[in-house]
Structure formats: structure tokens, C-alpha cells
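Below is one structure, written out as C-alpha cells; comments come after it.
The values are calculated or read from the model by the stated rules, or taken from the named source; none is laboratory data. Since the model is a prediction, treat every value here as computed from it, not as a measurement. Cβ placement follows ideal geometry from the backbone for every residue including glycine, while neighbour counts extend to all protein chains displayed.
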Amino acid sequence: MTGDAASPHDAVAALLDRAGAPAGLAGPAVLRLGPGAAALLAADPWRLLRVPGVTPGQADHFARALLGDGARPDDARRGRALAEHVVAEAARRGSTVVAAAEVVAALERMRVPDPRRAVTDALDEGELLPLTEEPEFDEGDPDAEPPEPEETVGPARWAIAEDTAAEGFQRLTATAGTLLPDDEVRALRAGLPEDRSLALTAALRTGVSVWRGAPAEVADAALTVAGAAAGRGLRVAIAAPTAHTAAELADRADKGVAVTSAHALLEPRAEPSAPGTVVFGRGEHAPLDVDLLIVADAAGFDVELCALLAESCPDGAHLVLGAAPGAPPAAGPGRVLDDLEESQTVPVIELEPSGPPGPLETLTAAVRGGELVAVDAPDREVVIVPASSDAEAVHRAVQLVTDSIPRALGIPVEDVLAVTPVAGGAAGATALNRALKERLNPGPGACGGFDPGDRVLVAAPLPDAATGEPGVVTAAGPDGLTVAFTGGTAVLAVADAARLRHGWAAPVALARFAPRPAVVAVAGADAPLSRPVVATMFGLARRHLSVVQGAGPGLAKAVRETGTAPRRTRLARLVVL
């Protein structure tokens, strides 16, 4: 049934059922395609490929079920959808742009009869934008021919976000003046270590600056600079990735310094016309009332969120973006801090440790440098727990979270988090959460698999909480969930439960926003390990780190040899244009 009597969800569910496709795709399809999703899919079944997680083979099966013999390999709708899919897959890997030639080659491998036409059709649809990149010209060779511009394509959403980010950073740089007179800046610098002095000077004198340092060092520098600036009458705000981390900073902040999550700072709200979508009240037409905004950890922010932060700063305001060196890039597309550094248009300040490093700091710094070392930990700050299989790794991790760490170290179980490289796999976060829920809070999963007492993490933004925000379910039933977050209590509809994950264990992509006193880092046999992932897992621990080592020599090899997967972006070029 796809008539007016059916809700958008029910109409899509009926269409999926008719085609023998999973009913669970109905919600994501409506979220991605809008209230008219059923009519769009009936007219063009390959639009199902726009739903995250759907493969070309599944879309072809869906099309054959609906169209019968009318579903042909040379159908223009199919070629267009596959072209969009190739570019969307690159975006899911973090790139904001793809060479047109690479898209054509991928379509040829998929046996699309006319791949160039498919790309043109996708551009005409408006989901993708044509982009041109001018290659570097060797000015040292007067006889060299100028290289030809490269034709590229990018998803419209991320191309626009990159343009907006570049314009925002350029505007802040161009309109920036010194926030305080030179004599006051010199007075504030007196007695500060050189790196903190440079960080303060950059924050007060330039429109955009980047700080690189361990999370604790960035946080300390943010509090120092923000307190000094607020003490001289400036309007200063510190933005953290979550309300959970913001609350910790707020407890240490000087009077007059506003500390909040970046999510709350931008005034999120639900969009009634697009259920499940979060929009923000701040932006170009409603800028923040700040002279100086310091983002304590921006490494996990994609280019869209960074663009919004830059847009939300008024002319003349200064923006500081902090992050750990070598941090994993955002889950979404972009590499904003790396691009800003590469552009050489903003000052980049390296923050040094403010005191002698302890075992945790020593280990994490070594991993960031590409070396897995043994550290002396007399107070059991670091413990290595070998595991001969993924099943044993899960067993050891559950034992550590629920018993060993609380009993031996006096750290409550609610302050212990298991962290894995990814959610999936036999020793991934999903498997760990299943085992931990059975031990700590068994129940029927009254709403979306959740029961009162469950720990949760936000996996996709809610009006009430940012991605990575930890919370606790206080009520669950057929009508929805009530979740206590640091920033307040949220009442979620059943559909919004899909935006949560159980939170006793978490993949790095979610855990990175919520450090804990104790962390159990689980490295399974086949876990996709890399230096940034391992450094982030280890760096989340404040007091204690247990490493459940099931990867054998693969762990040290990953730290030594595997960096961040390359992403292709335009921001570094756009900022200097």
C-alpha cells in the first residue's frame, strides 16, 4: 500500500515487503529520501542505493522485484545511481571529492555500459557537483607545459560544506584584529611557558589558529587562555565535543568563561519537516556573542560542523581549533585541521607536556610516535592482558570491566569503558556490549533493545545530545525511552532509539568523545588497527588502562606501520584562493 492512507514509513515498508527486501530499511529510506520515499522508489528502485548500507547487488535485486524484465543493466537510472554510489562510498571513507576518471573506471568494473553518461546523469540530478582542480605547476622549469586541470566530482552536501568552511576561515582571518592591546598581551604572557605563550598570542592576535597537543594539554591551555582573556573583559567560550567533557572543563574554568558542548553552543533543534534531522539555530544570520571561541577537541568534527562553527563566529571574532597530534580523522568527510595546517594560512602551535609524564602519557606519546613500548607502572596504571582468541578477549574484557578494575583499583564500574577499533567482529563493541549487558543489566530490551539502567552512547546527533554523548536509560517502554544525559534528560520516540548504542563498550569513533578514569582497550585478532586508533584508545584512559591483547605482533606492527588512510579534500587549496 503506497496511497495517502499509509504513513511514509508504512508505505515504504509495504514496497520493501513486496520486493522481499528487509523491512528495517524503511526508516533509513524515509530519513534519506523524505516523506515521498515510496513514490520515488516505485518510480526509480535504484534510488534505494542512497540509503546507507545498501549495496549495488541489493539495489539490483530490489529493482528486478519491482520492475521485472524492465530492470535492465543499461537502464539510465541504474547508471546514475551507481555513479552516485561510487562517490558516496568515497565520502564514507572521508573524501569530499573524487577524480571523475576514477568514477568512470569504477563504473566500468561494474559493467555499466556507458559510464561517462552515467556520471553526466548523476551531475544533472544534482546530488553530485562537477569540480575542477588546478594541479601544481613547476615554476622552476620554464619549458614545462602547464598541466591540464583535473575534472573531479563531489557530493553536493560536502562540496558546499568545504566551500563554506573555506569562506568562514578566510573571513575570520581577514576581519581579525588584536583582541587586546599589545601591552596587555605582553602582561598576560609573562611567566607562561613558551608554548603556552605562543598559544595565547595566536589566540588573541589571529582570526584562526590551531593547537596540537595531548588532550590534557589542550584542555589546560584552553582554560589558561580563556581565563586570561575573560579576565580582561573579553567574551570567551570553550566548546567541548560533548556535554560530558564540557562539564569536566566547566568545573575548572575561571569566572566569566562559558563552557559548553559545541552541539549545545550551536543551539540544536529538531526539524519538523524532516523527522530525525537536527538543525542548528546559530550560523551566518545568528552569530554567537563571542570575541574568542576555543574548541578544545575538534579532531572528530567533520567539515560540515567545522563550517558551521566558522560561520557562527561574527566578524572580528577569533577561533581556536585544538586536537591531539595524529588523532584519527572525523567519522564524516573532511580533514579540516590537517588541511588548515597544509594551507600554511594559520598559526599552528605545538603544546608540550606541562609536567613529567606518567606511565599512561609515556605509552600514548610513544604510540603517537610509531612505537609500542613497555612502561614502568608501579601503581598498575597500565596492565597488559593476553588473549589467545576473540572469545577469550571478550571474556577477559568483561571480567576487567565488571570485577577486576572496580575491586582492585576502586574505580566504579560506571567509570570503566571498554574500547575497540570498530563495532563489528567477534571482539568488537557490539559483541562486548551484548556480554556486558547480560552481566550488568540483563533485560528484554523493552524499547529498541534498551532497558532502564542501560548505559548508552549517542551514535547520531539528537536535539538533546551530540554524537558520542554518554547517558543512562531511566525508563523504557513501547512508546519510547527516557535517557539521562549530562546536559539534561531527553525523552526519545521509538524511532530515535536507533540513534543510540549500548555504552559499556564503544568503537573508537564514539568513545573518542568521552574519556574515562579507566579504559579497557580490546585488540581482537582481526581488528583493523592503526597508529591513530591505538593512540586514541590508550589516550582515553585518565587513571588506568588495561590492554586486552589478542592481536599478537599485529598490534606493534600496526602502531609502527599503519597511519591514517588517505582522504582527498579541497579545503587546503580553497583557503588560499
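Could you check how many residues of the range 31-65 are surrounded by 19 or more Cβ atoms within 10 Å (Cβ to Cβ) and either assigned to a helix (DSSP H, G or I) or outside the structural domain of VAL119 (by TED's automatic domain parsing) (or both)? Counting residues in the range 31-65 that are surrounded by 19 or more Cβ atoms within 10 Å (Cβ to Cβ) and either assigned to a helix (DSSP H, G or I) or outside the structural domain of VAL119 (by TED's automatic domain parsing) (or both) gives 15. Of note, ARG252 does not satisfy the criterion of being under 30 Å from GLY154 (Cβ atoms), of a type in the set (Lys, Arg) and surrounded by fewer than 24 Cβ atoms within 10 Å (Cβ to Cβ). Taken together, the residues in the range 397-433 that are over 21 Å from ASP454 (Cα atoms) and touching a residue at least 40 places away in the same chain (Cβ under 8 Å) amount to 4.
The residue that is farthest from the chain's Cα centre (by Cα), counting only those in the range 288-304 that are within 19 Å of GLY227 (Cβ to Cβ) and crowded, with 24+ Cβ neighbours inside 10 Å, is LEU293.
For the range 513-577, which helices (runs of 4 or more DSSP H) that fit wholly inside it have 3 or more residues that are closer than 30 Å to ARG171 by Cβ and either of a type outside the set (Lys, Arg) or at pLDDT 95 or above (or both)? Talk me through it step by step, then tell me what you get.
Details: elements: 531-539, 553-561, 571-576.
Result: 571-576.
Within the bounds of the range 545-564, is there any residue that is within 19 Å of the chain's Cα centre (by Cα), buried (at least 24 other Cβ atoms within 10 Å of the Cβ) and within 23 Å of VAL385 (Cα to Cα)? Scanning the range 545-564 turns up no residue that is within 19 Å of the chain's Cα centre (by Cα), buried (at least 24 other Cβ atoms within 10 Å of the Cβ) and within 23 Å of VAL385 (Cα to Cα).
Of the numbered criteria (1) over 23 Å from GLY207 (Cα atoms); (2) assigned to a strand (DSSP E or B), the one ASP403 fails is (2). Taken over the range 8-30, the criterion of being surrounded by fewer than 21 Cβ atoms within 10 Å (Cβ to Cβ), modelled with pLDDT of 85 or more and small (Gly, Ala, Ser) is satisfied by ALA14, ALA19, GLY20, ALA23, GLY24.
May I ask you to list the residues in the range 483-530 that are among the β-branched types (Val, Ile, Thr) and crowded, with 22+ Cβ neighbours inside 10 Å?
Here is the first cut: in the range 483-530, the residues among the β-branched types (Val, Ile, Thr) are 483, 486, 489, 491, 494, 508, 519-520, 522.
Once the filter is applied, which keeps residues that are among the β-branched types (Val, Ile, Thr) and crowded, with 22+ Cβ neighbours inside 10 Å, the range 483-530 yields VAL483, VAL508, VAL519, VAL520, VAL522.
Here are ALA366, ALA408, ALA307: which of them is part of a helix (DSSP H, G or I), at pLDDT 95 or above, crowded, with 22+ Cβ neighbours inside 10 Å and at negative phi? Give the steps one after another, and end with the answer.
Details: ALA366 fails: crowded, with 22+ Cβ neighbours inside 10 Å; ALA408 fails: crowded, with 22+ Cβ neighbours inside 10 Å.
Among ALA366, ALA408, ALA307, only ALA307 is part of a helix (DSSP H, G or I), at pLDDT 95 or above, crowded, with 22+ Cβ neighbours inside 10 Å and at negative phi.
Here's the yes/no breakdown for (1) assigned by TED's automatic domain parsing to the domain that holds ALA331; (2) in contact with a strand residue (DSSP E or B) (Cβ under 7 Å, 6 or more places away or on another chain); (3) closer than 25 Å to GLY453 by Cα; (4) not hydroxyl-bearing (Ser, Thr, Tyr):
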| residue | (1), (2), (3), (4) |
| --- | --- |
| THR489 | no, yes, yes, no |
| VAL494 | no, yes, yes, yes |
| LEU500 | no, yes, yes, yes |
| VAL576 | no, no, no, yes |
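For the range 66-77, filtered to residues that are in a loop (DSSP other than H, G, I, E, B) and not hydrophobic (A, V, I, L, M, F, W, C), the residue that is farthest from THR120 (Cα to Cα) is ARG72.
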